[in-house]
1. What's the center-to-center distance, using Cα atoms, between region 418-442 and region 475-497 in Å?
2. Taking 8 Å as the Cα distance limit and 6 or more residues as the minimum spacing, I'd like the relative contact order of the chain as a percentage.
3. Using all alpha carbons of region 246-323, what is the percent of pairwise distances in each 5 Å bin, ordered from the shortest bin to the longest?
4. First compute the accessible area of region 421-528 with a 1.4 Å probe, then give the percent of it belonging to carbon and sulfur atoms.
5. Taking amide H atoms as placed 1.01 Å from N in the peptide plane, list the residues 5 or more away in sequence, or in a different chain, whose amide H sits under 5 Å from that of GLY55.
6. In Å and whole numbers, how far do the C-alpha atoms of region 223-277 stretch along each principal axis, longest first?
7. Roughly how many Å² of VAL161 are accessible to a 1.4 Å probe, to the nearest 10?
8. Please give me the summed charge of the neighbours of LEU247: other residues whose Cβ is under 11 Å from its Cβ, Lys and Arg +1, Asp and Glu -1.
Amino acid sequence: MPDSPVFAAAAVAAPHRLASEAGRAILAEGGNAIEAMVAMAATIAVVYPHMNAIGGDGFWLVHEPGGKVHAIEACGPAGSLATIERYREKGHDTLPARGPDAAITVAGAIGGWQAALSLSSSLGGRVPLKDLLSDAIRHCAEGYDISESELRTWPQEVDAVKAAPGFSDFFWPGGERPKAGDRRKPTALGATLEQLSHAGLDDFYRGDIGRELAEDLGRIGAPITRADLEAFRARTVQALSLKLPGLTVYNFPPPTQGLTALMILGIFEKLGATRPESFDHHHGLVEAVKRALAIRDKVVTDPAFMTVDPASLLTDTALESEAARIDRKRAASWPFRPGEGDTIWMGAIDGSGLAVSYIQSLYWEYGSGCILPKTGVNWQNRGVSFSLDAKALNPLTPGRKPFHTLNPPLARFDDGRIMSYGAMGGDGQPQFQAQILSRYRFGQGVADAVDAPRWLFGRTWGAGSISLKLENRFDPMLLARLTAAGHPVEEYSEAYSDQFGHAGMLVKHQKGHVEATHDPRSDGDARGI
């Protein structure tokens, strides 16, 4: 049975209990949902370092009680030295995924915290930054138990990541993987967070921390300069939205795959499935995933270079056209380019109804693997999603933003309910989002919707085959029907597997209470006041 959901006046959900506790504590002090999320983001960056770091990116969706939705894009562009010529001259045919040459893009997460706190201040937020970062700093100073999720994680390209500057000393001392009961004390990272708590978050880009980051990046040979850091600022953008019967769903525009997540929901709606857990339910979602991913891979890039208006792909006409191409009885064949990803999603809703959906990532597990010695910051490898082909959809170009699998969703129901929900997992993110939201709309509670068995179409998180992978709790009759329809079904032995993401869901009900849950597949939970 799934864990019981939390019912509270305000609540948070995160994939690590120390992060959810940090958020709950801020709510208990009178902080709002944005302030709680910054505390959670700082803590999760310390205690879940295989999944995210302050050397990564972040995306925020914030729903004001009055109905306005804010979208904060905190993803950095490629460094000024990151040219195709540079990598060709070094003998690369494709971009390396690990090491200094993989540390291609500016880390945007801290800039996102800064922009979010500016929004918070305009909405009455007053909790000092030092209080928001205090739990994260304390865990650095006192140490923390290495999570079960990290203990289960075997990195891709393991030899390359072990060779990345600083990786083995920090993550695998003596070349040995950590074991249950081991603790880690990231003192350099703690000093960085302490400095930021006093000097302000801007110091990460334009102050002493920025100078130290630039020096370390230059020393290891990464293509990011001090000027690149100084030039970065998170920005507010217009969220994408999709009206469905009874609700409006919001997600992030390019360069993220938020368009994909909304298209899946819109195409599936046009198929008219009415029975939860039926063949029509799951076959329809899988086929909608295929249609949406195909379009994503043709059009989604840095918005400055987009040739298609994303909103045009969310019209009734466009969604009906895609749905009409789906065979209701048979699976379509599918070659596609898989995407990897390791990420965290977190949600928060406070007593006023201010709701936050937030996602923070390094891209692959452990990112580039490079731990910068002066600051203890692990740098992302998001730039591996660029291409060294100048004619590709996402060619490597200085100043260009990479394609992002990250996408934080929100939903506003016509009856007044507000939902913050989401999941991590590369190409799986929009698939997992669609599964948990469709189950909730079919009448399942938040805990049941998140707990229920999930599937993943394609290849992500290091799985080698392109197939329809399923946890082993599905009805065998459904599996038989999916197989007979031509789906390449691959049933996992696990009932709950990291391969199927870590999801969460929070709902603010009309009567005022918040119902919240987080995934039993993670090390996290939901907490409220």
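1. 20
2. On the way: 1298 pairs, mean separation 137.1, N = 529.
Reported as a whole number, the value is 26 percent.
3. For region 246-323, the pair-distance distribution reads 3, 17, 26, 24, 17, 8, 4, 1, 0.
4. Working: 1600 of 3150 Å².
Carbon and sulfur together cover 51 percent of it.
5. ASN378
6. Per principal axis, max minus min of the Cα coordinates gives 56, 21, 15 Å.
7. 0
8. Numbers: positive: LYS243, ARG412, ARG417, ARG441; negative: GLU269, ASP414, ASP415.
Neighbour charge sum, excluding LEU247 itself: +1.
The values are calculated or read from the model by the stated rules, or taken from the named source; none is laboratory data. Here the structure is a predicted model, which is why all the values come from computation and not from measurement. Note: ideal-geometry Cβ built from the backbone for every residue, glycine included; neighbour counts use all protein chains shown. The accessibility values were calculated without ligands, DNA or RNA, using every heavy atom of the protein model including side chains. Shrake-Rupley method; radii C 1.70, N 1.55, O 1.52, S 1.80 Å.
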